[in-house]
Amino acid sequence: MIALTAVTKSFGARPLLAGVDLAIGRAETFGLIGTAGSGKSVLAKILCRLIAPDAGSVRVDAAQVGMLFQNNALFDFMTVGDNVAFPLVRQAQLHGEEIRARVAERLRAVGLAGSEEKYPNELSGGMKKRAALARAVIARPPVCIFDEPTAGLDPVTTSKIYDLLRAERDATGATVVVISSDVEALRSFAPRIGMLHDGRLRYDGDAGAIADSDDPVVRQFVRGALEGPL
Amino acid sequence: MKALQLAFEGLGSAALALFDEAGGMALLAWRVLVGLLTLKLDWRELVRSLYKMGVQSLPIVALTAFFTGGIMVIQSGIFIRRFGAYGLLGFGAGYATLREVGPILIGLMFSGRVGANNAAELGTMTVTEQLDGLRALAIEPIGFLIVPRVVAMMIALFCLVVLGNVVAIAGGALFGKLLLNVELSSFFHSFADNLKPWDLMIGLVKAAVFGLAISITSCHFGTSVKGGAVGVGRAVNNAVVAAAVAIMISDNLITMVLR
């Protein structure tokens, strides 16, 4: 479904990705962690075809990729309803009434029923995140990438967001990539986790075993220890 | 020797940065042209932009134009009185307003109000990943956001200059009556008998070119923002300065060519 081979990407003289190899199967859920600035979001944008790699090959077997951006990326000149409807309107395959019904259903699913006429600046951080999630999945894309879906949210809202992601994944059977710095929450969601560090995947394997990894960098990051190579 | 080398390095990097921005603007203008020719523009965004950029600018443009007409009369009043050339007041005020002062002042006002706002809006959309959000949905921001705004700014500034000219002439006539006791009919006869359609046309050509310059600079700096809120502020500043420079240079060129 997703295959990256020897992907490299530099910004100026700084190499961010230095040969990333990754394969994710259909309907698989993959969690990606890493220190700030390790290139997680850049990798997500490469998967989404927003950034081209300098070298290496990228294969994503999906005509459409749903993306939840770190900053939500809600269009602030549109209402929440128009934002969520946007992917469907642009596809022009559904009629207005069907689109409105789908938007209402999606907003209800993320706990924002009746928010159609509000603008993004009228929503709290958690509500924006849920509205962005509704927009990312409304067209039922076969591949979904969620970049920091819980950044800056309180623990209760974080649990709610992961419940929503779980429900969405189970309902659609989509391939899901979640990027997060919240290792604990991610471990309960993704059975397989990778850690990006120094431009490469330092760990790619079972989420349950990551805390006991042989790699001291991975172990320190996951355990949040102050002593170590990081 | 070291200071000379540093000076040349500074000059070189400034020239490179200038050509980099100019190239970016030329590329954007080309993409807009291609988008226009292939009709790849979002009509809803065009209507929304026309309302926001044109209709909502009406009050401030009308106010500016009214007092511009007045200033034309106040400044020329000294000579009108000295030479008793009351019959030339309408011609003098109209000539300067239609050909030069109207388009320039309304263009600069438009740049400050609409161009700055556009650069800030696009800049904020860039740093908050909204443009990436569009691309992720397979929508090219050029057709969805940029082409409609460029077209809207050109149409809006053109219409605002037409309206501004009317208001400025009316303001000039009113000030002429109040300050110099020139009859309104005399003012308008002087205006209509001495000015040609070409005088109006030159101003309108300038309005369209200024609209293009303001839209391309504001869209370019808005969409190439780097560095968060500070970057947005810098983009707005650059957009307004570049638009003012472009207005002055293009005004000179048009005036020389279309005399």
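What the table shows:
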quantity: Residues within region B:200-259 that are among the polar types (S, T, N, Q), open to solvent by 30 Å² or more (accessible area, probe 1.4 Å) and within 20 Å of B:V32 (Cβ to Cβ), tallied; calculated: 3
quantity: Any chance B:E140 is among the acidic types (D, E), within 14 Å of chain A (Cβ to nearest Cβ) and either open to solvent by 10 Å² or more (accessible area, probe 1.4 Å) or under 25 Å from B:H189 (Cα atoms) (or both); calculated: yes
quantity: Selected residue (only one of B:R82, B:R135, B:R113 is surrounded by fewer than 20 Cβ atoms within 10 Å (Cβ to Cβ), over 23 Å from the mean Cα position of the chain (by Cα), away from chain A (no Cβ under 14 Å) and part of a helix (DSSP H, G or I)); calculated: B:R82
quantity: Failed condition for A:K45, given (1) open to solvent by 30 Å² or more (accessible area, probe 1.4 Å); (2) over 15 Å from the mean Cα position of the chain (by Cα); (3) not polar (S, T, N, Q); calculated: (2)
quantity: Among the residues listed as A:G81, A:G66, A:G56, the single one being small (G, A, S), at the interface with another protein chain (Cβ under 9 Å from one of its Cβ atoms), in contact with a Lys or Arg (Cβ under 9 Å, 6 or more places away or on another chain) and surrounded by 15 or more Cβ atoms within 10 Å (Cβ to Cβ); calculated: A:G66
quantity: Members of region B:43-61 found to be under 14 Å from the mean Cα position of the chain (by Cα) and not hydrophobic (A, V, I, L, M, F, W, C), listed by number; calculated: B:G54, B:S57
quantity: Residue in region A:171-204 that is nearest to A:A36 (Cα to Cα), counting only those that are part of a strand (DSSP E or B) and open to solvent by 20 Å² or more (accessible area, probe 1.4 Å); calculated: A:H197
quantity: Pairs, first on the phi > 0 side of the Ramachandran plot in region A:130-158, second open to solvent by 30 Å² or more (accessible area, probe 1.4 Å), C-beta under 6 Å, six or more apart; calculated: A:R140/A:T172; A:E148/A:Q70; A:G152/A:G125
quantity: Filtered residues of region A:165-204 (kept if farther than 28 Å from A:A6 by Cα and touching a helix residue (DSSP H, G or I) at 6+ places or on another chain (Cβ under 6 Å)); calculated: A:E168, A:A185
quantity: Failed criterion for A:F86 (all others in (1) over 22 Å from the mean Cα position of the chain (by Cα); (2) open to solvent by less than 50 Å² (accessible area, probe 1.4 Å); (3) among the aromatic types (F, W, Y) hold); calculated: (1)
quantity: Condition check for B:L46: within 14 Å of another protein chain (Cβ to nearest Cβ) and in contact with a helix residue (DSSP H, G or I) (Cβ under 6 Å, 6 or more places away or on another chain); calculated: yes
quantity: Residue in region A:126-136 that is at pLDDT 85 or above, within 14 Å of chain B (Cβ to nearest Cβ) and touching a Gly at 6+ places or on another chain (Cβ under 8 Å) present; calculated: yes
quantity: Whichever residue in region B:47-61 is surrounded by 19 or more Cβ atoms within 10 Å (Cβ to Cβ) and touching a Leu at 6+ places or on another chain (Cβ under 8 Å) and, among such residues, is nearest to B:G164 (Cα to Cα); calculated: B:V61
quantity: Residues of region A:172-199 satisfying the condition of being under 23 Å from A:A134 (Cα atoms) and of a type in the set (D, E); calculated: A:D182
quantity: Matching residues in region B:14-34 - criterion: being surrounded by 11 or more Cβ atoms within 10 Å (Cβ to Cβ) and over 21 Å from B:A243 (Cβ atoms); calculated: B:V34
quantity: Tally, over region A:52-96, of residues that are over 30 Å from A:G19 (Cα atoms) and either outside any helix (DSSP H, G or I) or of a type in the set (S, T, N, Q) (or both); calculated: 12
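The values are calculated or read from the model by the stated rules, or taken from the named source; none is laboratory data. Computed from a prediction, not measured in an experiment: that's the story for all the values here. Neighbour counts are summed over all protein chains in view; Cβ atoms, including those assigned to glycine, are modelled from backbone coordinates with ideal geometry. Side chains are part of the model used for accessible areas, which takes the heavy atoms of the whole protein and leaves out ligands, DNA and RNA. Shrake-Rupley method; radii C 1.70, N 1.55, O 1.52, S 1.80 Å.
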